[in-house]
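Worksheet: one structure, shown below.
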Amino acid sequence: MGADTPWASRLVAELLRPFNRRRDGIMHMRPREAEFTKLAINGMLATRLSYMNDMANLADSLDVDIERVRQGMGADTRIGEAYLYPGCGFGGLSFSRDVMSLASTLQHSGLQAQLLEEVLQINERQKESLFRKLWRHYDTQLEGRRVAIWGVAFKPESARIDNAPALKLIEALWAQGVQVHVHDPRALPALAEWAGERDDLVLHDDPYAAAAATDALMLVTEWKSYWSPDFTRLHAEMATPLLLDGRNIWDPGFVKRSGFMYYGIGRR
């Protein structure tokens, strides 16, 4: 909590007292220190995510399963398990803006912001990871294909699509003449407003309807409703049983035994 006056700190602490019965979790500091703390935390989290995404991309080329590596890293108490999950990039207005704000502040202070700038560049490249896998799978021949996307919100339980990885993915698919079919539990209105009327974008209220007759299904946002789909039904609905798991939530061995071709982020 950032406050310059003791009475303000006491007042806010009293308001938050019901949430601090077991342990007083409030740290008192000046407002600028509190703002800096928030930016620094988000910068660190973004750095961990981008580092793991780099490691996952390297794992792909080395025939290594990044999930094993993640578990090993998380077992080291100096590192811990939080924010070690690779994926197809992060989004969110405040998260991305905080990292950019911290990088900009470093630059204006006359310091080099090389690390944070690289973190942001890695994240933007990572948003295209599923597209690159699809591109290679079909040997660059994507025009006229139908692709389903499950999840466009920048995170589960949100209707927001600010800087969401799905947006860059959709634009890359459109550029190749792909018709995109999308399902999301909450974010379809925001996506419709962002995209406008287009013949190459179809929004669906049912996830299986979105996947019907498609050449690939890309999972981008890890809504809980996507974790355990009816794979038998999904296999029957799709024209080509190709899954691209942008959040590594499915077990590669299980989905392959269910008759699917599978690509994750650094998974085998």
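The values are calculated or read from the model by the stated rules, or taken from the named source; none is laboratory data. Please read all numbers here as calculations on a predicted model, not as lab measurements. With ideal geometry, Cβ positions are generated from the backbone for all residues, glycine too; neighbour counts draw on all protein chains shown.
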**Report entry** Candidate set: segment 221-250, residues that are surrounded by 15 or more Cβ atoms within 10 Å (Cβ to Cβ) and among the charged types (D, E, K, R); chosen: the one farthest from LEU191 (Cα to Cα)
**Finding:** GLU237
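Results for (1) among the β-branched types (Val, Ile, Thr); (2) part of a strand (DSSP E or B); (3) touching a residue at least 60 places away in the same chain (Cβ under 8 Å), shown as yes or no for each residue.
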position: TRP174; (1), (2), (3): no, no, no
position: PRO189; (1), (2), (3): no, no, no
position: HIS235; (1), (2), (3): no, no, no
position: ALA239; (1), (2), (3): no, no, yes
position: LEU243; (1), (2), (3): no, yes, no
position: ASN248; (1), (2), (3): no, no, yes
Requested in this report: Give the residues of segment 208-225 that are in contact with a helix residue (DSSP H, G or I) (Cβ under 7 Å, 6 or more places away or on another chain), under 18 Å from PRO165 (Cβ atoms) and outside any loop (DSSP other than H, G, I, E, B), sorted by residue number.
Outcome: ALA216, LEU217, MET218, LEU219
Report task. Inspect all residues belonging to segment 180-196 and state whether any of them is of a type in the set (Asp, Glu), under 18 Å from MET218 (Cβ atoms) and surrounded by fewer than 21 Cβ atoms within 10 Å (Cβ to Cβ). Result -> no
Requested in this report: Give segment 143-156 a look and list any residue that's part of a loop (DSSP other than H, G, I, E, B), at pLDDT 95 or above and surrounded by fewer than 24 Cβ atoms within 10 Å (Cβ to Cβ), or say none.
Outcome: GLU143, GLY144, ARG145, PRO156
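Conditions (1) out of contact with any Pro (no Cβ under 6 Å at 6 or more places or on another chain); (2) touching a residue at least 40 places away in the same chain (Cβ under 8 Å); (3) over 25 Å from GLU124 (Cβ atoms); (4) buried (at least 17 other Cβ atoms within 10 Å of the Cβ), marked per residue:
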position: ALA8; (1), (2), (3), (4): yes, no, yes, no
position: PRO18; (1), (2), (3), (4): yes, no, yes, no
position: ARG32; (1), (2), (3), (4): yes, no, yes, no
position: ASP60; (1), (2), (3), (4): yes, yes, no, yes
position: ASP63; (1), (2), (3), (4): yes, yes, yes, no
position: GLN71; (1), (2), (3), (4): yes, no, yes, no
position: GLY74; (1), (2), (3), (4): yes, no, yes, no
position: THR77; (1), (2), (3), (4): yes, no, yes, no
position: PHE95; (1), (2), (3), (4): yes, yes, no, yes
